[in-house]
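The structure appears below as C-alpha cells.
Here, each number is a calculation from the coordinates, and none is a lab measurement. Source: prediction; values computed, not measured. All Cβ positions, even for glycine, are placed from backbone atoms using ideal geometry, and neighbour counts span all protein chains on display.
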Amino acid sequence: MKISFDLDDTLIPYNINDFETEKRTFLQKILKIEPLRKNTKQLFESLRKENHQLGVYTTSYRKKWKIRLQFRSYGIPLDFIINEKENQKTLSKNKISASKHPPSFKIDFHIDDAKGMEIEGEKYGFKTIIITKNNLDWIEKIYTNIKF
C-alpha cells in the first residue's frame, strides 16, 4: 500500500510541547531540522517491512529537498513527497476542490491531524486516519486501521 503522512501537528509539532519528540542532535539543531514525533522512525521501519510505500503529503510550501533532509537526518528514507506546490497543480488540473486528494497521487491511506481531512475523505472516497496531538496510542491506531 501507498501511505502518506501529513507534517504539521501530525509528525512535526506546532508547539514543542504538543507531543513527545525525538531528541535532536547538535547538527540537526544547527541545520534547523524540525523535531519529529517520537517513534516515527520505528513506525516507518515497521511499515516498510510490510512492503508499504511511505511518504509525505503536506499543504506546506516546504521544499521537497528540505523535507527529504528532515527525514534522512532521522534515518528515515521517503518514497515520495507531495508539497503544496505539487498538490495545487494536480488538484487544479483535475478540478478537485479538496485541500488534499490522496487518490490523485495513488495513495491508499493518508494520516493527518485535521478532522476536516476525515470529512473530505468521506466526501471524496479516500481513506484517512486522524491522529490528534494528544493521542498517545497513535501508532496502534495506524496499525489497527491499516490492518496488516
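Here are the numbers for this structure:
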| quantity | calculated |
| --- | --- |
| In the range 1-84, the trypsin sites (Lys or Arg not before Pro) that fall in loop regions by DSSP, at most 13 other Cβ within 10 Å | Lys23, Lys32, Lys63 |
| Gyration tensor over alpha-carbon atoms, the range 2-146, equivalent ellipsoid semi-axes in Å | 24, 18, 15 |
| Chain lengthening between Asn135 and Ile119 when straightened (0.36 nm per residue, less Cα-Cα) | 3.8 nm |
| 16 Å cut-off, amide nitrogen to a point 7 angstrom out along Lys63 Cα→Cβ, residues in the range 4-36 | 31-34 |
| Sorted by Cβ neighbour density within 10 Å, fewest at the top, the residues Leu136, Leu31, Leu47 | Leu136, Leu31, Leu47 |
| Sites excluded, GluC sites (Glu not before Pro) in DSSP loops with at most 13 other C-beta within 10 Å, longest stretch of the chain | 51-148 |
| Charge dipole of the chain about the Cα centre (unit charges at C-beta), most positive-ward option of Asn17, Asn87, Phe5 | Asn87 |
| Order of Thr128, Thr144 - criterion: other Cβ atoms within 10 Å of each residue's Cβ, fewest first | Thr144, Thr128 |
